[in-house]
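The values are calculated or read from the model by the stated rules, or taken from the named source; none is laboratory data. Remember, predicted model here, so these are calculated numbers, not experimental data. These area figures cover heavy atoms from the full protein model, side chains too; ligands, DNA and RNA do not enter into them. Shrake-Rupley method; radii C 1.70, N 1.55, O 1.52, S 1.80 Å.
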Amino acid sequence: MEADGSNSGPNVDPAYERLPAFMAVFEQGRFHDDMRLPDAFIGFHGHDLPFDCRLVWPNGIRYRVRVLKLGHGFFFASGWRDFVRATGIVNGDVLTFTLVDVGIFNVKRFDSETHCPPQGDVDVVEDDNVEGSHGPDIDSSDNYLPSGTESETTMDEDYVDDSRALSIDGFPTFIVTLTPANINRRLDISYGFWRRHIPMGAIQAGLYLVTDGRMWRCTLKHNSTTIWVKQGWARFKHDNNLVEGVRCHFKLVDAFVVQFHVEIELCKGISIKRLPPQWVAEYGNDLPFDCRLVMPNGCSWQVRALRIASGCHFCVGWSEFRSGNNISHGEKLTFTLVDVGIFHVKRYKSGTGCPPRCDCAALTEEEEDDEVYTPDIDSSDDYPPSDVESESADDSDYDADRSALDEDEYPTWSLKLTKSNTKRTIEIPNEFWQLHLRAAPKQSVVHFLVDGQTWRLLIKHRSGKFWVKHGWRRFKDANALIPGVRCHFKLVDAQDIQFYVWFDRP
């Protein structure tokens, strides 16, 4: 998945997000007659503030306030009470102030309950002088044969016959908590559930998965012990942004056509951000699955919007956005939709009420590698390929792993680790990249998945070579990789560049 570091953005002036600003939570008792400006803001910008300032509401109305400069701080004083009364600000509202010109602040309010600006705030005033579905499964050949080592008991561990749901509405239901095997390989259906509720002859016709008015057709395969989805699961998984830990409730609503209504439930431990329901009700219908969060410095992060019964959430990519920007508890974030699926995000520190200076400093090309990404701790594995390393040496370690490719149709390459790999870094074979990833979105991040855990690695490329710049050391240490271990990399998602990785140890 494309992540942070991309400086391409919408047709909106990014300089606005870097303007001086501060945030305040309105308290009726403290801010009734005046409001003190944060010391951190005054320290940088207060000396240029004029005596008379303007507060501009989103609807264009301007309010005049006077700044009282005292020894212990700067205050919005005369005119502040009229501003509060006219705009209807109440206790708990969050206010952001952006200094757009000398003495002119754009003010925006966020309701304490809905976390959105009230609609009345943005109703424009004309007088400028006023003061005061169903689709075919394409490229989804998730044709998995069950492994000979997978026992029937292993399959049944993930299966729950939801008797409670059956007794409530009369529809047979089973539940699957998604694991790395579900996400990276296939979805199994309990043989016992099928025999009990569905005619066996229906296997040949396949089944339908339905959620939120959309339908996906899947084909099935089976042997004497297992029924699994042959085609369709990869598309359903991608379109619904399913990740490890999500619980899927499959409710059989038609046993003859074999149609399941699928309810998706998030489990504890998944890092998500729920979007305010009021905002989603007004703007959520046009929100794409893949969205971008753009920080004031121009750094862009890709996240996926997950729509489930409990609401709309930023899910895949949210954890990387949060950790990459070192966002901590208590900080306030504002999200402004500037284009389809593109949000400008601004952060306000809980202590100062101001954005951190590092958020607003535009990055140069030389700074991108150091500032945009959060490197692994003690992992400065920035090793460009050595000019003395011959291509033949690289190719000798590369194997296309044809047997794995023939088994499940997912392209796979393998690498037997050398001392150079364990001390420095690894390369992704150029042949493999050109064959399978050439059409992938331009990005600098790959993901390695091992036993339910995901590692995010930063890659670089030059002169036809692709190598891991950051993250290899942590991945190597966490998986106890040494020279002689053969690593297999199965490309399970060419769009987000995700590899399922397993090892053959000597």
Which value, in Å², gives the accessible area per residue of segment 199-347 when a 1.4 Å probe is used on the protein heavy atoms?
42
Extension reserve of the residue 239-residue 202 stretch, reckoned as 0.36 nm per residue once the Cα distance is removed
10.8 nm
Globularity index of segment 220-360, i.e. its alpha-carbon radius of gyration over 2.2 N^0.38 Å:
1.31
